[in-house]
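This report refers to the structure that appears directly beneath it.
The values are calculated or read from the model by the stated rules, or taken from the named source; none is laboratory data. Only a predicted model underlies this, so the values are computations on that prediction, with no experimental measurement involved. Glycine also receives a Cβ, built like all others from the backbone with ideal geometry; neighbour counts cover every protein chain displayed. The protein model used for the area step is the full one, side chains on, heavy atoms only, and it has no ligands, DNA or RNA in it. Shrake-Rupley method; radii C 1.70, N 1.55, O 1.52, S 1.80 Å.
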Amino acid sequence: MGSPIQLRLFEHNEALAGAVFRLIKRYEDLFTVNREPSEVMAINRAAGLHPVRVSPPVYQLIRCARAASLLPGSAFNLAIGPLVKRWKIGFHGDSVPPAAEIQRLLALTRPGRVILDDAASSVFLADKGMEIDLGAIAKGYIADRVRDYLRREGVSAGLINLGGNVHTLGAPGGGWSVGLKTPFAPRDALIGTLRVADKSVVTSGIYERYFERHGRRYHHILDPHSGYPLDNELQSVTVISPDSLDGDIWTTLLYGFGVEKGCAALRQRPDLEAIFVTRDNQVICSSRRQFQFTLLDDNFRVTDSIA
């Protein structure tokens, strides 16, 4: 999936570990847009031509991603593929597109033009040139399926880390300690640690994939309304939730909302909590019902929700 994958179990069980990695590979082969074949690639190739019938996991995930994309003011957009491909942030050949090209591509990123047929389990991209990109949500979905599989296999304690999507099972030693990375610092530098149990911890940050041109930094979290990287007070957002899929969706939504509006939105979702790291080194917790946070870096200061 273009990310390091870590599985931690409390027993030596090569068969179980192998089954987990085969499960991950099976879902990756369905969702990827980076190579042929995949069901999502088949949808994209048929844009403007005809609907494509897909398997239940792909249809379920696209249906969820479309709903999140159509929320008022949403920064989430499953149809953002043409812009992601043009910017190439995090890949060879990244560059700043001309403004006219961004405007042209924006017309191909309207989530309402992703037409779903529940009866046929088919997906149709209404305009030629449209492309679905599930990169912002697929890892969360897969992490949840790994959790479900491990539970069915009787695993009471374990951890799966899909490149920043951390899902924990159980509470060994009183809970899992998950690091909150310091932006633009060495890989092992931490702002602090979260202690959680049976929760997902998903972090998205502007330091994960970016490039610099003429003294300006361009990161991979694109604003679907402007076509450019989101530009606000945030450096990272971490979401603590029962399901990793919600973590994926809400890190993107909260980036678009910003701190104040994001904290207000979370008041309507008591099952979710977030930690915002701002450009002026504030660590703002929406609440602390489901985790404990320990600050390790004195360059940052912790405050609670400002909403």
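Looking only at region 48-74, filter to residues that are part of a loop (DSSP other than H, G, I, E, B), small (Gly, Ala, Ser) and closer than 27 Å to Tyr255 by Cβ; which one of those is farthest from the chain's Cα centre (by Cα)? Before the answer, list the steps.
If we filter region 48-74 for residues that are part of a loop (DSSP other than H, G, I, E, B), which is where we start, we get 48-51, 54-55, 70-74.
When the remaining residues are screened for being small (Gly, Ala, Ser), the result is 48, 55, 73-74.
Pick out the ones that are also closer than 27 Å to Tyr255 by Cβ and you get 73-74.
Working: Gly73: 18, Ser74: 14 Å.
Among those residues, the one meeting the criterion is Gly73.
Restricted to region 283-293, and to residues that are assigned to a strand (DSSP E or B) and touching a Cys at 6+ places or on another chain (Cβ under 8 Å), which residue is most open to solvent (accessible area, probe 1.4 Å)? Show your work before the answer.
Going residue by residue through region 283-293, those that are assigned to a strand (DSSP E or B) are 283-285, 292-293.
Filter once more, so that each one left must be touching a Cys at 6+ places or on another chain (Cβ under 8 Å): 284, 293.
Working: Ile284: 5, Phe293: 28 Å².
My answer is Phe293.
Please determine whether any residue of region 84-100 is farther than 20 Å from Thr32 by Cα, of a type in the set (A, V, I, L, M, F, W, C) and in contact (Cβ under 8 Å) with a residue 40 or more places away in the chain.
Scanning region 84-100 turns up at least one residue that is farther than 20 Å from Thr32 by Cα, of a type in the set (A, V, I, L, M, F, W, C) and in contact (Cβ under 8 Å) with a residue 40 or more places away in the chain.
Looking at (1) closer than 26 Å to Gly173 by Cα; (2) surrounded by fewer than 15 Cβ atoms within 10 Å (Cβ to Cβ); (3) of a type outside the set (A, V, I, L, M, F, W, C), can you tell me which one Ser244 breaks?
Ser244 satisfies every listed condition except (2).
Could you check how many residues of region 183-215 are touching a helix residue (DSSP H, G or I) at 6+ places or on another chain (Cβ under 7 Å), at pLDDT below 95 and either farther than 23 Å from Gly140 by Cα or among the aliphatic types (A, V, I, L, M) (or both)?
Summing the residues that are touching a helix residue (DSSP H, G or I) at 6+ places or on another chain (Cβ under 7 Å), at pLDDT below 95 and either farther than 23 Å from Gly140 by Cα or among the aliphatic types (A, V, I, L, M) (or both) in region 183-215 gives 0.
So that you can scan it fast, the table gives a plain yes or no per residue for (1) open to solvent by 40 Å² or more (accessible area, probe 1.4 Å); (2) within 30 Å of Lys85 (Cβ to Cβ):
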| position | (1), (2) |
| --- | --- |
| Arg152 | yes, no |
| Leu159 | no, no |
| His167 | no, yes |
| Trp176 | no, no |
| Arg187 | yes, yes |
| Val196 | no, no |
| Thr203 | no, yes |
| Glu208 | yes, yes |
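Can you find even one residue in region 272-284 that is in contact with an Asp or Glu (Cβ under 7 Å, 6 or more places away or on another chain), modelled with pLDDT of 95 or more and charged (D, E, K, R)?
The answer is yes, given that some residue of region 272-284 is in contact with an Asp or Glu (Cβ under 7 Å, 6 or more places away or on another chain), modelled with pLDDT of 95 or more and charged (D, E, K, R).
If you take the residues of region 83-137 that are assigned to a loop (DSSP other than H, G, I, E, B) and in contact with a His (Cβ under 8 Å, 6 or more places away or on another chain), which of them is surrounded by the fewest Cβ atoms within 10 Å (Cβ to Cβ)?
Going through the qualifying residues, I end up with Gly90.
List pairs: first residue in region 55-69 and charged (D, E, K, R), second residue open to solvent by less than 60 Å² (accessible area, probe 1.4 Å) anywhere in the structure, Cβ distance under 8 angstrom, at least six positions apart or on different chains.
Pairs found: Arg63/Leu116; Arg66/Leu78; Arg66/Pro111; Arg66/Val114; Arg66/Leu116.
Farther than 20 Å from His167 by Cα, at pLDDT 95 or above and open to solvent by 30 Å² or more (accessible area, probe 1.4 Å): which single residue out of Pro72, Pro37, Pro56 fits that description?
Going through Pro72, Pro37, Pro56 in turn, the sole match is Pro56.
Could you count how many residues in region 1-45 are of a type in the set (S, T, N, Q) and under 21 Å from Ala126 (Cα atoms)? Break it down stepwise before answering.
Taking region 1-45 as the starting set, the residues that turn out to be of a type in the set (S, T, N, Q) are 3, 6, 13, 32, 34, 38, 44.
Those left that are additionally under 21 Å from Ala126 (Cα atoms): 32, 38, 44.
So the answer is 3.
Kindly indicate the residue of region 211-241 that is over 20 Å from Thr109 (Cβ atoms) and among the acidic types (Asp, Glu) and also least open to solvent (accessible area, probe 1.4 Å) among those meeting that condition.
Glu233
For region 40-75, give me each residue that is in contact with an Asp or Glu (Cβ under 7 Å, 6 or more places away or on another chain) and under 22 Å from Gly258 (Cα atoms).
So in region 40-75, the residues in contact with an Asp or Glu (Cβ under 7 Å, 6 or more places away or on another chain) come out as 44, 47-48, 51, 54-55, 58, 75.
Across region 40-75, the qualifying residue is only Ala75.
Suppose we filter Asp298, Asp304, Asp280 for residues that are closer than 22 Å to Gly175 by Cβ and open to solvent by 70 Å² or more (accessible area, probe 1.4 Å); which single one remains?
Numbers: Asp298 fails: closer than 22 Å to Gly175 by Cβ; Asp280 fails: closer than 22 Å to Gly175 by Cβ.
Just one listed residue meets the conditions, Asp304.
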